[in-house]
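Q: Sending over a structure as structure tokens; questions will come in a sec.
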Amino acid sequence: MADQTKNQGGSVLRIEEISKSFGPVSALEGVTLHLEPGEVLGLVGSNGAGKSTLVKIITGYYQPDGGRIWVDGEPVEFKSVDDARAHGIETVFQDLALVDELSVYHNLFLNRELTVGRGLRFLRNKRMKEEARRYLSDIQVSIPSVDTPVEKLSGGQRQAIAVARATRQPGMKILLLDEPLAAMGAREASLIIALVKNLAREHGVSMLVVDHNYTHIFELCDRINVIEQGRVTLDKRVEETSLGELTEFMLTSYKQQLQYG
Ligand SMILES: Nc1ncnc2c1ncn2[C@@H]1O[C@H](COP(=O)(O)OP(=O)(O)OP(=O)(O)O)[C@@H](O)[C@H]1O
Ligand SMILES: [Mg+2]
């Protein structure tokens, strides 16, 4: 997890003039933004504004056509999701995140199982269970039992386990969440909101969160960036703005797009 002593005063992530087209469709037209250590940055914008494309570029899934990315002040170029992971960047992909029929603890250790022996290796189930329990209690995620198959958990609990799995990766410092509260009820959503805040405040994880619900964004984030037509058009700390102002801003830019788009 994040090393809070590192990078004092510098952005953990900085991207400058990132552009990306898909054939004739220009998804990003020069996005510039920064993320500070332990900060939760909310990214909002209409459908098709480029939010998911940006998340996929930061996580190494797509390569940009132009622009630059720095992690902890170092220029980086990600050719793959593994490249981004090596720099401590993790994403929770909605569909690929968990294996339904496996237990909570097996999911937390997926592809990084603890084993003993050489040749034929044995899983260290007891140890993995203990570590899973300890980690979940550390980040204040409460579930009935780490033995439960994840298919038996609620949507909110499943998402919490997916987030926990991402943040358990060694050296992880930046977590990208693309609509983590989609299709969740209020109670479910509050679980994830509490988890995101805990990870940022207590564990120093920096996060970029995409969400269409401005109430959630205000609850979750320290700062908000609006992205419209492939560019950042507003950058404000939550205490410098309001739900009313954000709604108004989005409405105005939507009307302008209708007029000139
Ligand atoms: N793989 C792709 N191939 C072609 N076009 C794409 C691809 N991915 C995204 N696009 C286009 O790029 C633009 C930005 O899409 P993106 O998914 O980033 O938007 P978004 O802001 O995440 O929207 P939403 O809020 O609906 O999730 C859209 O016009 C979309 O159709
Ligand atoms: Mg999207």
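The values are calculated or read from the model by the stated rules, or taken from the named source; none is laboratory data. In this text the structure is predicted, and so the values were computed from the model without any measurement. Positions of Cβ are backbone-derived with ideal geometry, glycine not excepted, and every protein chain shown enters the neighbour counts. Note: accessible area is taken over every heavy atom of the protein model, side chains too, but ligands, DNA and RNA are not part of it. Shrake-Rupley method; radii C 1.70, N 1.55, O 1.52, S 1.80 Å.
Q: Checking P64 against (1) crowded, with 19+ Cβ neighbours inside 10 Å; (2) under 18 Å from the mean Cα position of the chain (by Cα); (3) at pLDDT 95 or above; (4) not β-branched (V, I, T): exactly one of these is not met. Which one?
A: (2)
Q: Related question: Identify all residues within segment 74-92 that are closer than 22 Å to E39 by Cα and open to solvent by 60 Å² or more (accessible area, probe 1.4 Å); write none if there are none.
A: E74, P75, R85, A86, H87
Q: Shifting gears a bit: In segment 4-21, is there at least one residue being over 29 Å from R201 (Cβ atoms), assigned to a strand (DSSP E or B) and within 16 Å of ligand 2 (Cβ to nearest atom)?
A: Checked against the condition, which is being over 29 Å from R201 (Cβ atoms), assigned to a strand (DSSP E or B) and within 16 Å of ligand 2 (Cβ to nearest atom), segment 4-21 yields at least one hit.
Q: Answer with yes or no whether A160 is buried (at least 21 other Cβ atoms within 10 Å of the Cβ) and within 26 Å of E101 (Cβ to Cβ). Write out each step before concluding.
A: Working: buried (at least 21 other Cβ atoms within 10 Å of the Cβ): yes; within 26 Å of E101 (Cβ to Cβ): yes.
Here the answer is yes, as A160 does meet what is asked.
Q: Check A200 against each of (1) under 21 Å from A49 (Cβ atoms); (2) of a type in the set (A, V, I, L, M, F, W, C); (3) in contact with a strand residue (DSSP E or B) (Cβ under 7 Å, 6 or more places away or on another chain) and name the one condition it does not meet.
A: With (1) under 21 Å from A49 (Cβ atoms); (2) of a type in the set (A, V, I, L, M, F, W, C); (3) in contact with a strand residue (DSSP E or B) (Cβ under 7 Å, 6 or more places away or on another chain) applied to A200, the lone miss is (1).
Q: For the list (1) part of a loop (DSSP other than H, G, I, E, B); (2) free of Cβ contacts under 8 Å to residues at least 60 places away in the same chain, I need the number of the one condition that R133 fails.
A: Here R133 meets the rest and fails (1).
Q: If you go through segment 29-61 one residue at a time, how many are surrounded by fewer than 23 Cβ atoms within 10 Å (Cβ to Cβ), near ligand 1 (Cβ under 8 Å from one of its atoms) and assigned to a loop (DSSP other than H, G, I, E, B)?
A: Number satisfying all stated conditions: 3.
Q: Scan (1) open to solvent by less than 30 Å² (accessible area, probe 1.4 Å); (2) within 16 Å of ligand 2 (Cβ to nearest atom) for the single condition A182 breaks and write down its number.
A: (1)
Q: With respect to V150, determine if the residue is more than 30 Å from G10 (Cβ to Cβ) and among the β-branched types (V, I, T).
A: Judged against the criteria, V150 is a match.
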